[in-house]
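Right, I'll just put the structure down here and ask away after.
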Amino acid sequence: MNSFTYLFLAALAAMLIAEYLLGRRQISHVARHRDAVPEAFTDSIDLATHQKAADYTIARTRFGLIAGVYAAAVLLLLTLGGGLESIEQIRLQWMTSPLLGGVVFIFAVALVSGILDLPVTLYKTFKLEARFGFNKTTPGLFVSDLAKQIVLMIIIGTPLIMAALWLMELSGTWWWLYLWLLWVAFNLVAIWAYPNFIAPLFNRFEPLEDDSVTTQVTQLLDRTGFKSRGLFVVDGSRRSAHSNAYFTGLGRSKRVVFFDTLLETLNADEIVAVLAHELGHFKRRHIVKRIGTFFLLSLLSLAALGWLMQQTWFFTGLGMNTPSSHAALILFMFVGPVFLFFISPISAWVSRKHEFEADDFASQHAQATDLVAALLKLYRDNANTLTPDPIYSAFYDSHPPASIRIKNLLTHS
């Protein structure tokens, strides 16, 4: 171990302590308000629904704390515990090529990580979500999804990883800049390709055929000048009872997608209001800003990796005695989130700001009261707590608390 080892352990401990303290605050706060619906919601949310949301939130938070400790243990096992070094030594016995061997190493690590993470995913899907009536995924569908994800990872990941390792090995000092350009190009293609080729492998997308909804939605799109390839309904109910709506795609591939569960819950006016909110993200350029921020952070991260790769202590401090490009890439991906954990409130704050801006846009192009009614139904159907701990919410939540968000909307009614 060296100084970087102790720095890594200190950062990991600080993250776990913060997660525990925040989680306990959330559990205590939600439990304390479980037996009474907040006054602002007494006319729209009954006590049983409020208590279900509280119980679901508490259960998810507790599970998240346990899953976080488990993830930290796996991380320590793979790094300081010698897991990655063992995989590398086994790989070297069979394949010495830095390029092909690097690809094999990365896939082997992904396989081991996936297997170790599988119990968490299975419990969350078939126990936690099922306990509250949300899981609709069958074992067969789960296995089918997993198989498709593995195949896609091999088909798409192999050439991408090979190109990345080739650039890291052979393109000189500025490899990280060339790799960043490749990463930008890949992501832009992926954003375009996802709705056309990838998403249909997992879900059925049917044109929206409800004339009353289609007419109002089309009028909204015309008023706001939004062009898309169409309005689609996705069979989200195959996997979950949760509901949502979203935009996907880039350029001419943009499309509006509604969960079938959403259409079963909301009336036409409420659907239009939800869509107006989503359009607000597009019109306020939130999507472009998020993509731009992602690319900027990617550039900074690759530049940092370019420097760390030259430092022996980076490898030895994390349990790797055999420095390589592929080892550096994996180590950076594993430990980066630990050091970046405490900046997550900044991202959450920006996201909440965007939500307020999208709500304001929706209020200008639809009825704010319709959006409030839709949100209340979504809070009810998704079992979102109405009483989150303020500090926990500020640290984690990408959306404003219900009471604050609805109060803001009602100022526009």
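What follows draws every value from the coordinates through simple rules; no lab data is involved. Computed from a predicted structure; not experimentally measured. We place every Cβ from the backbone using ideal geometry, glycine too, and count neighbours over all the protein chains shown.
Karplus couplings for region 289-302 from phi (6.51 cos²θ - 1.76 cosθ + 1.60, θ = phi - 60°), rounded to Hz, Gly and Pro as x?
For region 289-302, the Karplus curve yields 5, 5, 5, x, 5, 4, 5, 5, 5, 5, 5, 5, 5, 5 Hz.
Counting Lys and Arg as +1 and Asp and Glu as -1, each charge on the Cβ, what is the dipole of region 127-208 about the Cα centre in debye, to the nearest 20?
That gives a dipole near 320 debye.
Counting only C-alpha contacts under 8 Å and six or more residues apart, can you give the relative contact order of the chain as a whole percent?
Value for the chain: 24 percent.
Here's a follow-up. What's the exposure ranking of K148, K283, going from fewest to most Cβ atoms within 10 Å?
Ranked by crowding around the Cβ, least crowded first: K148, K283.
I would also like to ask the following. For the chain, which semi-axes, largest first and in whole Å, follow from the square roots of 5 times the eigenvalues of its Cα gyration tensor?
40, 27, 21
Could you give me the ³J(HN,Hα) list for region 109-120, computed from phi with Karplus coefficients 6.51, -1.76, 1.60 and θ = phi - 60°, whole Hz, x at Gly and Pro?
Calculated HN-Hα couplings, in order: 5, 4, 5, 4, 4, x, 5, 5, 7, 4, x, 5 Hz.
Would you be so kind as to identify which of Y56, A73, I106 lies farthest towards the positive end of the dipole of region 1-115, taking Lys and Arg as +1 and Asp and Glu as -1 on Cβ and the Cα centre as origin?
Sorting the options by dipole projection puts first A73.
Moving to a separate point now. Which FRET efficiency value, to the nearest 0.05, do you get for F295 and I155 by plugging their Cβ-Cβ distance into 1/(1 + (r/R0)^6) with R0 = 30 Å?
For R0 = 30 Å, the calculated efficiency reads 0.80.
At 0.36 nm per residue, minus the direct Cα-Cα distance, what do M162 and T5 gain on full extension? Give it in nm, one decimal, please.
Result for the pair: 53.6 nm of gain on full extension.
Calculate how steeply helix 344-365 sits against the longest principal axis of the alpha-carbon atoms of the chain, using the helix alpha-carbon long axis, and give the answer as 0 to 90 degrees to the nearest 10.
Here the helix axis deviates by roughly 30 degrees.
With a sphere of radius 12 Å drawn around the Cβ of F63, what net charge do the other residues whose Cβ falls strictly inside it have (Lys, Arg +1; Asp, Glu -1)?
Around F63, the surrounding residues sum to +4.
Moving on to the next point. Excluding M320 itself, what net charge comes from residues whose Cβ is under 10 Å from its Cβ, given Lys and Arg +1 and Asp and Glu -1?
So the environment of M320 carries a net charge of -2.
Also, I was wondering about something else. Please order R62, R255 by the number of other Cβ within 10 Å, starting at the fewest.
Listed from fewest to most nearby Cβ atoms, that is R62, R255.
So what is the relative contact order for region 236-394, in percent, with contacts set as C-alpha pairs under 8 Å and at least six apart?
Relative contact order comes out at 32 percent.
A further question follows. L188 versus M95, label points 7 Å from Cα toward the beta carbon: distance in nm?
It works out to 3.1 nm between the two label points.
Next question. Just to confirm a number: summing +1 for Lys and Arg and -1 for Asp and Glu over residues other than L78 whose beta-carbon lies under 12 angstrom from that of L78, what do you get?
-3
For region 183-232 and region 352-413, write down the distance between their C-alpha centroids in whole Å.
24
Where does each of W349, W166 land when they are ranked from fewest to most other beta-carbon atoms within 10 angstrom?
Ascending Cβ contact count within 10 Å gives the list W349, W166.
Select from Q216, I17, P200 the residue farthest towards the positive end of the dipole of the chain; place +1 on Cβ of Lys and Arg, -1 on Cβ of Asp and Glu, and compute about the Cα centre.
After comparing all options, I get I17.
Continuing with the same structure: From the phi of every residue in region 378-384, what ³J(HN,Hα) in whole Hz does the Karplus formula 6.51 cos²θ - 1.76 cosθ + 1.60 yield, where θ is phi - 60° and glycine or proline is x?
Whole-Hz 3J(HN,Hα) from phi for region 378-384: 5, 4, 5, 6, 8, 6, 7.
If I fit a long axis through the Cα atoms of helix 47-78 and take the longest principal axis of the Cα atoms of the chain, what angle between them do I get, 0 to 90°, rounded to 10?
With both axes taken from Cα atoms, the answer is about 10 degrees.
How far, in degrees from 0 to 90, does helix 83-94 lean away from the longest principal axis of the Cα atoms of the chain, to the nearest 10?
That works out to roughly 60 degrees.
Can you give the charge dipole size of the chain about its Cα centre, rounded to the nearest 20 debye, using +1 on the beta carbon of Lys and Arg and -1 on the beta carbon of Asp and Glu?
So the magnitude is around 480 debye.
By DSSP, what percent of the beta bridges with both residues in the chain are antiparallel, rounded to the nearest 5?
Roughly 65 percent of the beta bridges in the chain run antiparallel, per DSSP.
Same structure again: Can you pull the one-decimal nm distance between simple spin-label points at L21 and R238, each 7 Å off the Cα toward Cβ?
So the two model labels end up 4.5 nm from each other.
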